[in-house]
Amino acid sequence: MMLASLLIPLLPLPLGGDTKPGPTPNLLAIRVGKAETIAKGTIEHAVILVENGKIVTIGEDLPIERGIPVLDRPSWVVMPGLVNAYSRIGLDSEGGDDSAAEVKASAELYAQAKDFQEIVKYGVTTLGLYPAGNGVPGQACAVRPLGKTKEEMLLADACYLKIIARASPSAKKLIQDGFKKADEYAEKEKKAREKFDKDKKGKKEDKKEEKKEEPKPAPGAAQEPAAAEDPKPEEKKDDGFVPPEPEPKAKPWVDLRAGRLRGLVSINSAAEFLHYVDAIGKETFSWDVRLVVQRESDVFYVLDKKTYDLDFDGIGDKKCRVVMEPVLSVTPGTMRNRNLAMELAKAGAKIVFIPRNDTLMDAKAWLANVGEIVGANLDRSIALRAVTLEPAELLGVEKRVGSLEKGKDANLIFFSGDPLEPTSKLEAVMLDGRFVHGEVKL
Amino acid sequence: MISKRNNIESLVASFALVFVTIPATAFAWQDAGGDEKKDESAEKKKEEPDKWFVVKNAEIHTGTGAVLRDAMLVAKNGKIDDIGHDLEIPPDAKVLDAQGMRVYPGLVAISSSGLLGPTTSDFGDTVNPFNSNMILGLATGITTTGSGNAAVKLKRFSIKDLVVREKIFAVFSWSARNPSGKRSLREKFVSAAAYLREFRDWEDKVKKDKELKEPQKKNVDTTVLAVLKGETTAKFNANDRDDLLGIAHLAQEFGFRPVIEGCVEGWTVADELGRAGAMAIVTARDRRPKDEALVRDGGSSIENAAILHRSGVAVAVVSGTESVDLGGIVGRDIMALPIEADFAIRGGLPEDAALASITTTSARILGVQHRVGSLEVGKDCDLIVVDKDLLHYEAFVQWTVVDGKIVYDKQKELYFAHIRPRPDAPAEPKKLDKGETEPKPDADKPKEGPEEGGKKGDGEKKNGDGEKKGGDEEKKGG
């Protein structure tokens, strides 16, 4: 009895259960057969050093200092934790029909939701949660699925503004109305600016520096017409001017224009894309596409301008991201398969894959489904990027997650073989340097 | 050296100062802005060169009666620029070689549903220019369709400038089943006509006497007034002889040209309808039994379109059902539009009138004849290239062109590509020399005698062109 009690603390790791692994040492070296780094290709015989939840270094056959605990799995393949940028896992409320661009999905976040604990077991270590609803339902947030509080979970907020594009006057008006609000704000800001300049001028005149100040208002006046169109240069001028706070309803649209927020435009068909492009007109802001892949999708018509001699830029020409399910579609009216993801990638779009359905079941089959698309000739590196770094970039958290690089969060998932092979098993999941799933014995 | 450099620097600085102060005066700024704008627009014009489209080696049926053999059609920016022989092909033109094919104006369907996708009246915000029904409509040869109360073009892949005309018709009801409705409509016409007379009178007199009061518009139906002024077209949906007669009389009395949809028993009162200047929208295969309780003529007739036409009624033909329908009774949907015109021919309608019934006449009824319906210089370049006589049941539309842009190519769409696939190269000219296929076209068109003179010359050219082609092909073969 005495012996046993003495031995237990000496063990580096207590015997982990099937799903609940024990504590992971703060400093850990991992040696695996292969690492899909995403950012810098594949590394054979990779060694990753993890400390305090971050990747300290990664490389081929790096020497490991004596004393550092080592996880040695020469048959395993490691890749960054999966990033699902477009999900409502763990959220449940229904949205309204109204345009509510100011709504944030983070407000719905409940840290104790069971689904978060479950989704991690399938290798998903970052989630982009979007608000429910029609029209312009609001802004998405990026979360790590495990955390005791909402704040602990939240990686980033206001990641993208979801816009549902439809071929209807009301849907198009919703977008135009949004930018009208931004117009109103720009007008307001311009007036505030004028007042500010006037006050400033007045003050300086008081100081009796009239002669020197004379040329100054001139460039200011010259810049004003430009400033009215684009609020950006004004902010850069560090002269103490604080632009007025936009109204909550107007803020997302002002942010879109200023480049502080991205749009994610949901479309089902080519026509909806065309009508969206028509609705935004000459408005320039950065946006990506959420393509709901239907069986007889006709989106191949709007891949690029050239093929069908379109009078507008296609999805590929815009070089935007396309958030889509890893499914094959067919040419309408036929049984001929089409790999839209591959066609989009060829046209210049960046692919972001999400599970086929927003359920735990499909999260489990996610990589296998992506594998099918790779089997249908999508480039493998694009496919792997489409579940890691590309969605991370969409969420604006690419500096923390999405690839295996020095300084990034140690979100690692380990497979018994090629991650895209359905026969490969997900052996372990590490989130922020801690094993959260899988039986791992050092 | 150093001092020199300093001098230069100071010079530059002073120049820069001058430069900065110039825009300070508002006047100078505005001027500069104006210039910039001008420059921009000039640049834009330069950026967008004229878009040329040419159909060559075609037998062009202009839809106005003329048929040009081995002719060319040149379109500039979507409008027909020239039609004729030996025209100059602009260097950047997109050329469609229609060797051995016939070119017709794009068909105008008076009404259809589904070709534009699930639309409401906001066409620019709802049309789906990618939907498969539109492809099938274009495969039928339809380039303009009535939809709701508007005429809309089938512009594939685009939602720009779709609508040719809106608010075309004022729809009235005239039915024996609703006598009070008839009475009240007539009263509306009476009061509107009275007002119009007074108004015209006042218009004349007010030039002399400026204080004269304008007649009161009270109790005048604005829609009816618009019809009498010729601003809109009165449309009736009527089939019974009595109703048709009533409409004809109403039109004759008040002096407007009614459009009558249905018009099944029109053949029984065709002379009256003709006298009223009526325009009829008929379906040649409409079937309706005669009411045996009545002694007079009645029921449907295959000769309806022909008799109406002979009596001076402008006849447009529509298909039995308005949508693309691949089930039910085959061959009655919108894709059978030319077939429906064939049935009118079967009833005795001359071929040129049958072609007009789905092109020029239907365009006239929709009030868009200034833009579509026939191939004339200045009109929209909406045309179809057909491998046979358009009204032949075996004919296939090979290409459809809307606004000078090919929007349908039979071989590129999956629907009919496999049926009698088009040979990649145009018909071989050598065969023509041997006289194998030469008699055929002549036998096909015995009617077009007046063109004989021009034809000979053209024929020679054709051979010349053909030889050239043959040479090209040989090269390819080698």
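The values are calculated or read from the model by the stated rules, or taken from the named source; none is laboratory data. Computed from a predicted structure; not experimentally measured. For neighbour counting, all protein chains shown are included, and Cβ atoms are generated from backbone atoms with ideal geometry for every residue, glycine included.
Quick notes
- Unique residue being within 30 Å of A:L62 (Cβ to Cβ), in the same structural domain as A:D288 (by TED's automatic domain parsing) and either modelled with pLDDT of 95 or more or buried (at least 22 other Cβ atoms within 10 Å of the Cβ) (or both) when the list is A:A392, A:A428, A:A349, A:A345: A:A392
- Residues of segment A:139-150 classified as surrounded by 24 or more Cβ atoms within 10 Å (Cβ to Cβ) and not in a loop (DSSP other than H, G, I, E, B), total: 4
- Some residue of segment A:134-152 being among the aliphatic types (A, V, I, L, M), out of contact with any Phe, Trp or Tyr (no Cβ under 6 Å at 6 or more places or on another chain) and closer than 30 Å to A:T423 by Cα: yes
- Residues (touching a helix residue (DSSP H, G or I) at 6+ places or on another chain (Cβ under 8 Å) and in a loop (DSSP other than H, G, I, E, B)) located in segment B:83-105: B:H85, B:D86, B:Q99
- The listed residues are A:N377, A:N337, A:N357, and the only one of them that is of a type outside the set (A, V, I, L, M) and within 28 Å of A:I89 (Cβ to Cβ) turns out to be A:N357.
- Evaluation of B:D81 against (1) crowded, with 17+ Cβ neighbours inside 10 Å; (2) under 22 Å from A:A167 (Cβ atoms) (one fails), failing number: (2)
- On inspection, A:N369 does not qualify as over 21 Å from the mean Cα position of the chain (by Cα) and not assigned by TED's automatic domain parsing to the domain that holds A:H437.
- Within segment B:106-154, the set of residues being of a type outside the set (S, T, Y) and over 27 Å from B:N237 (Cβ atoms) comprises B:G124, B:D125, B:N128, B:P129, B:F130, B:N131, B:I135, B:L138, B:A139.
- Count - residues of segment B:405-421 that are away from chain A (no Cβ under 12 Å), out of contact with any helix residue (DSSP H, G or I) (no Cβ under 9 Å at 6 or more places or on another chain) and in contact (Cβ under 8 Å) with a residue 40 or more places away in the chain: 0
- For segment A:261-287, filtered to residues that are in contact with an Asp or Glu (Cβ under 8 Å, 6 or more places away or on another chain) and away from chain B (no Cβ under 11 Å), the residue that is nearest to B:T126 (Cα to Cα) is A:V265.
- Qualifying residue in segment B:259-267 (condition: farther than 22 Å from B:A354 by Cβ and among the aromatic types (F, W, Y)): no
- Test: residue in segment A:299-314 that is modelled with pLDDT of 95 or more and away from chain B (no Cβ under 14 Å): no
One line per residue, one yes/no per condition, for (1) in the same structural domain as A:R385 (by TED's automatic domain parsing); (2) of a type in the set (D, E); (3) over 21 Å from A:R385 (Cα atoms); (4) over 25 Å from the mean Cα position of the chain (by Cα):
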residue: A:T42; (1), (2), (3), (4): no, no, no, no
residue: A:N52; (1), (2), (3), (4): no, no, yes, no
residue: A:V56; (1), (2), (3), (4): no, no, yes, no
residue: A:E60; (1), (2), (3), (4): no, yes, no, yes
residue: A:P63; (1), (2), (3), (4): no, no, yes, yes
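- Flag for A:S106 being in the same structural domain as A:P145 (by TED's automatic domain parsing), farther than 23 Å from A:L412 by Cα and polar (S, T, N, Q): yes
- Qualifying residue in segment A:417-440 (condition: under 17 Å from the mean Cα position of the chain (by Cα) and closer than 29 Å to A:C141 by Cβ): no
- Some residue of segment B:76-96 being under 23 Å from B:C263 (Cβ atoms), more than 14 Å from chain A (Cβ to nearest Cβ), within 15 Å of the chain's Cα centre (by Cα) and not polar (S, T, N, Q): no
- Meets criteria (under 30 Å from B:A417 (Cβ atoms) and under 18 Å from the mean Cα position of the chain (by Cα)) for A:A363: no
- B:G277 being among the small types (G, A, S) and at pLDDT below 95: no
- Just one residue in the set B:D204, B:D161 is surrounded by fewer than 20 Cβ atoms within 10 Å (Cβ to Cβ), among the acidic types (D, E) and assigned by TED's automatic domain parsing to the domain that holds B:T119; that residue is B:D161.
- Only one of the listed residues (A:K180, A:K188) is at pLDDT 90 or above, over 30 Å from A:A270 (Cα atoms) and more than 14 Å from chain B (Cβ to nearest Cβ). That residue is A:K188.
- Listed here are the strands (runs of 3 or more DSSP E) enclosed by segment A:40-129 that have at least 1 residues being free of Cβ contacts under 8 Å to residues at least 40 places away in the same chain and of a type in the set (D, E, K, R): A:42-51, A:54-60.
- Identity of the residue in segment B:116-127, in contact with a helix residue (DSSP H, G or I) (Cβ under 8 Å, 6 or more places away or on another chain) and closer than 20 Å to B:D380 by Cα, that ends up modelled with the highest pLDDT: B:L116
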